[in-house]
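The values are calculated or read from the model by the stated rules, or taken from the named source; none is laboratory data. The structure displayed is predicted, hence computed values, not measured ones. A quick note on method: Cβ atoms are made from the backbone with ideal geometry, for glycine too, and the neighbour counts reach across all protein chains shown.
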Amino acid sequence: MCGIIGILGTRPVAPLLVDGLKRLEYRGYDSAGIATLENGHLTRLRAEGKLVRLEKKLAAQPLAGHTGIGHTRWATHGVPVERNAHPHMSGRVAVVHNGIVENFAELRAQLQEKGYKFESETDTEVIAHLVSEALAGGKTPVEAMRAVLPCLRGAFALALVFEGEEDLLIAARQGPPLAIGHGKGEMYVGSDAIALAPFTDTVSYLEDGDWVVLTRRSATVYDADGKQVNRAKKKSSGSAFLVSRGNHRHFMHKEMFEQPETVAHTLAHYLDLAKGTVRKLGNTPDWKALSRISFACCGTAYYSTLVARYWFESLAGLSVDHDVASEFRYREPPLDEDTLALFVSQSGETADTLACLRYCQQSGCKTGVVVNVAESTMAREADSVFPTLAGPEIGVASTKAFTAQLAALASLAVMAGRARGKIKARQEEELVRALGEVPRYLAQALKLEDTIGKLCRHLMTAQHVLYLGRGTACPVALEGALKLKELSYIHAEGYAAGELKHGPIALVDEDMPVIVVAPHDRWFEKTVSNMQEVAARGGRIILITDKRGAAAVSVKTLATLVLPDVPEIAAPIVYSVPVQLIAYHTAVLLGTDVDQPRNLAKSVTVE
Ligand code: M6R
């Protein structure tokens, strides 16, 4: 989703702005631009496509100036072409914007009536014209912002610079996050601490409704009521964000191979592996007082909750309700104080998930979040925070965040089961020991890479791919299909294996690869029956199973990928690896943009 950077510098800012934008690339974008103040006058360069095109333009036509703003745009209103790229300018102001101005059509009509001409189809341009109108009416930039901000409805983050004002940058947050970076005689603003990492590790975060007036030596923050407020400075872990791909061809590849370590870190937070017990953590819900968990999340995080449902129901006797966050609120689900509303998010900023969290808090139920970005809005707002310690995930397609989410959720389910008396000390120890082995199993699963790389030659020509699974393997099948779609643009669908004969079997013919995720567990034999149904119709089966499964299965397969035999609670975490590798290697063979697939954004901050 769009990324914002703004700098009040003591040196030429154009290259610094581009550097900041590069760090925001992971969020997904389709055009980019910067504006600087050259001798008090606004100059701007924008380009469709990747940042390299903007850099080429800048090399040919450098922008001078020590004050500037930059933007990577993920198109919402208007196609991704240069005229819609940010910054947008009107009169003495230039603005960059992340989010959506919901009442833009109404504002645009009013401005057009007054004679304002629009160069773009964006909602952002109304902001430039509104501020410009206020400035033309004699207001100072600060007065203009104070007047314009209440006119804007929706969720947005903004940064603006003004002609003739070399020592001024104004930014505002209503929804998508915005961080202020405090430098030595320099001041910055950015969509996240990752963008600011090369410049400073001292940041403060704007809260919803805040806006800030920045000079090189000061940051004056106002809340939504216009009251001056203090937002604490923090040392960000930003320097840890100076991430590189190392020897890996893609961030995604690096992140997949980090999983033994990231899952180990996450498990160690929740489990005392030496003692075979769950740890006592502060700020956890009173599991005994709960009757229900209600999950709402998006995409891959949603699939982690589909796995977690099996764990919380069977291990803790808690009934689980789940939905995608974009639909949850429309159902107006009954929520009471016995319900824990639990959210899962890598970024902690996903607009739909955040809206559900706030909705649940207003409904009076307890909230918790399983989250990877410790400084995110969800981490700040939820009653209980359950970290995943996956480290920064840069590849748009989630991999190590997913397995860390599963590790955290499995640990929480054991914790809840123990607290509720549903599992005894012996079973706790067995489960904790089983989870403790997961990093080792993950390392073994990653060794399938070469085999999978070769196998993907059969998949790269497919038009459609079906993924099947039963029990906790079912959400892994759904996640596998999502990964393949995202990365290779091949149409893929995941189904509960038992649903096959209720419709999807109509698709099966000799051109259809069917990937079956089937550890040798209590559901295995039934899944084998579903494989027989596929084989009888000529479907090309790729079976992902373990040694016992491979020995037991009699169905003819195109390939059988053999994982180690693992305990049931470990299986969905371990089986995530081959489905990730399949998607990755198919995409590499097809030559798609693995780390930034088309149309996708890492942090989806609009509903
Ligand atoms: O940051 P979040 O975990 O809240 O993001 C949720 C989804 O947008 C995300 O998982 C998305 O589906 C990924 N592209 C999946 O690879």
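Take the range 481-502 and flag every residue that is of a type outside the set (A, V, I, L, M, F, W, C) and either in contact with an Asp or Glu (Cβ under 8 Å, 6 or more places away or on another chain) or within 11 Å of the ligand (Cβ to nearest atom) (or both). Residues satisfying the conditions are Lys483, Lys485, Glu486, Gly494, Lys501.
A quick yes/no check of all residues on (1) modelled with pLDDT under 95; (2) among the hydroxyl-bearing types (Ser, Thr, Tyr):
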{"site": "His88", "(1), (2)": "no, no"}
{"site": "Phe104", "(1), (2)": "yes, no"}
{"site": "Glu121", "(1), (2)": "yes, no"}
{"site": "Ser132", "(1), (2)": "no, yes"}
{"site": "Leu135", "(1), (2)": "no, no"}
{"site": "Gly138", "(1), (2)": "no, no"}
{"site": "Glu166", "(1), (2)": "no, no"}
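For the range 147-194, the tally of residues that are in contact with an Asp or Glu (Cβ under 9 Å, 6 or more places away or on another chain), charged (D, E, K, R) and either outside the structural domain of Ile34 (by TED's automatic domain parsing) or more than 22 Å from His129 (Cβ to Cβ) (or both) stands at 1. How do the pairs read when you match residues in the range 480-493 that are farther than 18 Å from Lys400 by Cα with residues anywhere that are more than 10 Å from the ligand (Cβ to nearest atom) and assigned to a helix (DSSP H, G or I), using Cβ under 6 Å and keeping only pairs 6 or more apart or on different chains? Close Cβ pairs (under 6 Å, with a partner that is more than 10 Å from the ligand (Cβ to nearest atom) and assigned to a helix (DSSP H, G or I)) amount to Ser488/Thr586; Ser488/Ala587; Ser488/Leu590; Ile490/Leu484; Ala492/Ala481; Ala492/Leu484; Glu493/Ala481. For Ala264, indicate whether it is closer than 17 Å to Gly391 by Cα and surrounded by fewer than 21 Cβ atoms within 10 Å (Cβ to Cβ). For Ala264, the condition - closer than 17 Å to Gly391 by Cα and surrounded by fewer than 21 Cβ atoms within 10 Å (Cβ to Cβ) - is met. Against the list (1) in the same structural domain as Ser576 (by TED's automatic domain parsing); (2) without any contact (Cβ under 8 Å) to a residue 60 or more places away in the chain, the condition Tyr467 fails is (2). Under the condition of being in contact (Cβ under 8 Å) with a residue 12 or more places away in the chain, of a type in the set (Gly, Ala, Ser) and either in a helix (DSSP H, G or I) or in the same structural domain as Phe251 (by TED's automatic domain parsing) (or both), the residues counted in the range 14-59 number 2. When you check Pro285 against the structure, is it more than 16 Å from the ligand (Cβ to nearest atom), surrounded by fewer than 24 Cβ atoms within 10 Å (Cβ to Cβ), touching a residue at least 60 places away in the same chain (Cβ under 8 Å) and assigned to a loop (DSSP other than H, G, I, E, B), yes or no? Criteria met by Pro285. Considering the range 177-207, the residues that are in a loop (DSSP other than H, G, I, E, B) and either at pLDDT below 90 or among the basic types (Lys, Arg) (or both) include one that is surrounded by the most Cβ atoms within 10 Å (Cβ to Cβ), namely Asp192. Residues of the range 299-317 that are within 16 Å of the ligand (Cβ to nearest atom) and surrounded by fewer than 20 Cβ atoms within 10 Å (Cβ to Cβ): Leu306 alone. For the range 285-313, filtering for residues that are out of contact with any strand residue (DSSP E or B) (no Cβ under 6 Å at 6 or more places or on another chain) and more than 25 Å from Glu393 (Cβ to Cβ) leaves 5. Against the conditions (1) polar (S, T, N, Q); (2) out of contact with any Lys or Arg (no Cβ under 9 Å at 6 or more places or on another chain); (3) touching a residue at least 60 places away in the same chain (Cβ under 8 Å), Thr353 satisfies every one except (3).
Could you please let me know if Leu8 is at pLDDT below 95, at negative phi, out of contact with any His (no Cβ under 7 Å at 6 or more places or on another chain) and not polar (S, T, N, Q)? Criteria not met by Leu8.
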